[in-house]
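Accompanying notes for the structure given below.
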Amino acid sequence: MMTVSSTQNNKDFIINNILLNESEVFTNDVSDKLSIIKRDKITFPIITVSQNSGSIITGAQNLKELIKNYLIERNIKATVIEVGSLGICSIETLISIQLPGKTKLLYKNVKEENFKAIIDGNFNNFIVEENVFCQFRNKMHEPYENIPYIDEIAFFSNQQRIILKNCGIIDANSIDEYLAFGGYKSFVKVIKHYTHEDVCNIVNQSKLRGRGGEGLYTGKKWKTALDTPGDNKYLICNAGESDPGAFMERLLLESDPHAIGARKAFIYIEWEYDLAIKRLTNAIQQAKEYGLLGHDIYKSGYSLEIIIKKGAGAYVCGEETALISNIEGKRGRPRPSNAAINGLYGQPTVVNNVETLVNIPIIIEKGAQWFNSIGTEESKGTKVFSISGKIEFVGLVEVEMGTKLRDIIYRIAGGIPNNKKFKAVHIGGPTGGTLSEEHIDTLVDYDSIMLTGASLGSAGMVVLDEDNCIIDTVKYFMNFLQKESCGICIPCREGTRRMYEILENISKRPKDDFGHLSLQRFKGIMQLENLAEVIKDTSMCGLGKKAGYPVLTTLKWFQNEYEEHIFERNCNAGVCQELRTFEINVDVCIGCTICAKKCPTSAIVGSIKNAHFIVQDKCIGCGICYNACKFNAIISK
Amino acid sequence: MPEIDSILEKYPIIQTDNLISILQEIQEKFGFISKEALVKISDYLKIPTSKIYGLASFYSQFRFEPKGKYHIRICNGTSCHINSNLIILNELYKKLSIKDGEVTKNKLFSFEETECMSGCGYGPVMTINEKVYTKLTIDKVLDIINFYMQIENQ
């Protein structure tokens, strides 16, 4: 069986001919061998199985082993490789089959039940139409007829994949393959030829902005850390929020602690991301073997060590100073200091998120000018979004800064399924903002999004359709934030809780209309906006400052929905349980009396074997009758 | 317990940086952090137990009582919420009469709401021990729980 695993032979070849070869021209021998590693020329079929957290959910965990065993059973010589995600999670598990001389063919929705048929079919020139997705374009290979190329699929053709270009294609566990595709080249280039200042200047010129939440200029941050004197300088990579597996595992390492003169780098990653941690550990191990990490790397006089720190589940640790506290072994609470000057152990520290760092090697390789040519005036480059919710294709998409929201939602992600109506899109996680249909032509970049009152944040997009209630969604975010607030700033700790209570009040039916209850309820609502503003102004860290965003944006763009809940006590989407009203369909009701017996307020009247009736004034909307009825005679409105 | 000692020995330099890693390793090994473990760590790192408990309870990863035989984790991420996981949560609460973070009296089921499990295309998502269940509906959830209850009754 042919393998391209890490043999000594391969290792020396790659280090000498590719990694340390500074010209782009290869001798025939080298390019021959390279094309084998790159899988352009193959002698045995190759099957790739996508293994990422999204596909594992659908049961891909065993699929690789099952395929391997099946091939052995059938005595077929072929290599099975584990790859990351292509970014399209809705049709996982994806497997690809590449026969010698033929193009690589991608299959979707592969499961334990159907993989045998697909593989058998492919080897016998029969393509299972139900599962075939697309083929990869390659001039050296003979294409299949009547099957679209990957660049003809709308999901991919409308994206600009720079950061994600290798995701889902290269072997996630092999450093050889990554090197063959040009990996780590920028790293070697930098440590051999550039000074700290050079790198800072290049990054500064590229106008790269942090992809985390605030959108600060990365170059400036680095420069501050570089200029601050300190015994040790640290780089921390914040991988706490990025989607695991699917993302960029290997690319990560290439990022460049050299620029600030750091000797130690940390990668902060949530403990739950098993697969990502496994791959990262493996990648670091391999990089060490190849001399890319350690003491005096390739005789450049530069040393680097990378340590993985597992997060313990606290949302606030996405904040850079809180993250530093976490690494120091303390409670993850933010502190009022600039990390670039006074960070980890009081030393200058740069905290960047994965996506920011992944941009660096590309900038080094292609230059700041090239990077400047992509994107809008103040937001350069591309941005990776995770898109989910009520959308046809859930997954990761990468687009140029300044793409319209409409293009992302409808052209790339395929729009809203089941012919439902688009209602809103929420951008930036729990501390982000919700945009309505009138913003669908907004350009996606830091400043345009900021103008609408939302923030790009970690760039998660959640699409809501007509069946979702805005109040309910905001309530969900507030509940999340009040749980995750670290408790240092009182406005954030108490304010988020209060906002949650007010929203809870809105989505409830009052027990009675007497006394102060109604008055209190109304007073709360009047104060909601004020409260959100105060929290924004008086909190220390990003979480608190942005905690009011969901409330403020929805108050602005979905005022009618608030009013409907408050004045009419009606939830059009039917999500707020207590605001539902129930009616009995007289044609279906047979008069079994079950609902009447169960009703806690005796709101249902009627005699045996005659259709019943709900007295709306007595009904509290608990829904017990709705669940109890065996004949679906009760209609919820 | 000797296992705790062997974990502690992996961190020969006594400094507070390692506290979270130690707690994580102990939880991985035992499934929860016992009182004994807290005392041992406190002796080793020379930090008061109150401080350690304070830190551990700050983070949502750590739990202080053992899991049930079937540990149910249900995703409460945004995408699952949008796909109405609330109905399913409530149904489970009712069926097992426990709340988030609790264990049933017979120690069979324990329940945990988690952040996104990255099954956003297949929500609502739930796992029982290692097994994953996707695109849940009320009927599906009840079937699954009944199935486990039946196994136990036999």
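Miscellaneous remarks
- Flag if residue B:90 is touching a residue at least 24 places away in the same chain (Cβ under 8 Å) and not assigned by TED's automatic domain parsing to the domain that holds residue B:28: no
- Output for the range A:453-469, where each listed residue is more than 14 Å from chain B (Cβ to nearest Cβ) and either modelled with pLDDT of 85 or more or touching a strand residue (DSSP E or B) at 6+ places or on another chain (Cβ under 6 Å) (or both): A:453, A:454
- Members of the range B:84-98 found to be in a loop (DSSP other than H, G, I, E, B) and either more than 11 Å from chain A (Cβ to nearest Cβ) or surrounded by fewer than 21 Cβ atoms within 10 Å (Cβ to Cβ) (or both), listed by number: B:84, B:97, B:98
- Residues that are facing chain A (nearest Cβ under 10 Å), outside any helix (DSSP H, G or I) and exposed (fewer than 15 other Cβ atoms within 10 Å of the Cβ) within the range B:13-51 comprise just one, B:15.
- Helices (runs of 4 or more DSSP H) enclosed by the range A:540-637 - at least 3 residues per element that are within 37 Å of the chain's Cα centre (by Cα): A:542-546, A:549-557, A:559-563
- Number of residues in the range A:227-237 that are without any contact (Cβ under 8 Å) to a residue 60 or more places away in the chain and aliphatic (A, V, I, L, M) equals 0.
- Top-ranked residue of the range B:119-137 - restricted to ones that are in a loop (DSSP other than H, G, I, E, B) and within 17 Å of the chain's Cα centre (by Cα), ranked as farthest from residue A:92 (Cα to Cα): B:129
Here's the yes/no breakdown for (1) on the phi < 0 side of the Ramachandran plot; (2) within 14 Å of chain B (Cβ to nearest Cβ); (3) not β-branched (Val, Ile, Thr):
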site	(1), (2), (3)
A:368	yes, no, yes
A:376	yes, no, no
A:393	yes, yes, yes
A:408	yes, no, no
A:413	yes, yes, yes
A:418	no, yes, yes
A:423	yes, yes, yes
A:448	yes, no, yes
A:473	yes, yes, no
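- Residue under evaluation residue B:101, criteria (1) crowded, with 18+ Cβ neighbours inside 10 Å; (2) within 29 Å of residue B:34 (Cβ to Cβ); (3) within 14 Å of another protein chain (Cβ to nearest Cβ), criterion not met: (1)
- Within the range A:262-298, the set of residues being among the small types (Gly, Ala, Ser), in contact with a Ser or Thr (Cβ under 9 Å, 6 or more places away or on another chain) and crowded, with 16+ Cβ neighbours inside 10 Å comprises A:262, A:265, A:276.
- Condition check for residue A:328: touching a strand residue (DSSP E or B) at 6+ places or on another chain (Cβ under 8 Å) and closer than 30 Å to residue A:431 by Cβ: no
- Per this entry, residue B:111 is counted among residues that are more than 14 Å from chain A (Cβ to nearest Cβ) and without any contact (Cβ under 8 Å) to a residue 60 or more places away in the chain.
- Test: residue in the range A:500-515 that is within 14 Å of chain B (Cβ to nearest Cβ), buried (at least 16 other Cβ atoms within 10 Å of the Cβ) and under 25 Å from the mean Cα position of the chain (by Cα): no
- Restricting the range A:424-440 to residues that are polar (S, T, N, Q) and assigned to a strand (DSSP E or B), the residue that is farthest from residue A:384 (Cα to Cα) is A:436.
The values are calculated or read from the model by the stated rules, or taken from the named source; none is laboratory data. Remember, predicted model here, so these are calculated numbers, not experimental data. Every residue, glycine among them, receives a Cβ derived from its backbone with ideal geometry; neighbour counts consider all protein chains shown.
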